[in-house]
1. In square angstrom, what is the accessible area per residue of the chain with a 1.4 angstrom probe?
2. Excluding Ala64 itself, what net charge comes from residues whose Cβ is under 13 Å from its Cβ, given Lys and Arg +1 and Asp and Glu -1?
3. Solvent-accessible area of Tyr51, probe 1.4 Å, all protein chains present, reported in Å² to the nearest ten, please.
4. Would you kindly derive the ³J(HN,Hα) couplings of the range 6-17 from the backbone phi angles with the Karplus curve 6.51 cos²θ - 1.76 cosθ + 1.60 (θ = phi - 60°), listing them in order in whole Hz, with x for Gly and Pro?
5. Can you list the residues, at least 5 places off or on another chain, whose amide H is less than 5 Å from the amide H of Ser55, using H built in the peptide plane?
6. If you roll a 1.4 Å probe over the range 3-108 with all protein chains in place, what percent of the accessible area is carbon or sulfur?
7. Let me understand the chain better: what is its radius of gyration from the alpha carbons, and its Dmax, in angstrom?
8. Pairing the Cα long axis of helix 100-114 with the longest principal axis of the chain, what angle in degrees results, from 0 to 90 and rounded to the nearest 10?
Amino acid sequence: VPDDLLLGLKFIFGPSAVPALDMVDQRSVTRVTSPSGRTAYQVLGSSGKLYTCYSSCHFCTCPAFGFTVLQKNESLLCKHILAVYLSQAMGACQELTVSEEQLTSILLAQEEDEG
């Protein structure tokens, strides 16, 4: 990433920019697609935990998203969603095709982790 673009990312997205780029470099973003075309993204966070992100509705299951973005309104997004957007733009997403049942299990597992 050229320096001027990196500075722009850091200016707009603050401290999320560099960790998000690191995740893209480490190929930590996987686009999970089902035969019906439903898509979600899984991002392997720096802690080793897998987070599910939905670019269509700008949402991540990580605690930072809930606290910094939704509760405190201090940031536009978390590093995981930024990593999804950057990996889409750079063509750096891993691809995984799963059955409808498998995608449902992935989505339900996230809800159980939160509950």
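The values are calculated or read from the model by the stated rules, or taken from the named source; none is laboratory data. Computed from a predicted structure; not experimentally measured. So basically every Cβ, Gly included, is an ideal-geometry build from the backbone, and we count neighbours across all protein chains shown. The accessibility values were calculated without ligands, DNA or RNA, using every heavy atom of the protein model including side chains. Shrake-Rupley method; radii C 1.70, N 1.55, O 1.52, S 1.80 Å.
1. On the way: 6720 Å² over 115 residues.
Result: 58 Å² per residue.
2. On the way: positive: Lys49, Lys72, Lys79; negative: Glu74.
After counting each charged neighbour, the total is +2.
3. The value for Tyr51 is about 20 Å².
4. 4, 4, x, 4, 5, 5, 6, 9, x, x, 7, 5
5. Tyr41
6. Numbers: 3500 of 5920 Å².
Heavy-atom surface of the range 3-108 belonging to carbon and sulfur, 1.4 Å probe: 59 percent.
7. Final numbers for Rg and Dmax: 14.1, 44 Å.
8. Compared with the principal axis, the helix lies near 60 degrees.
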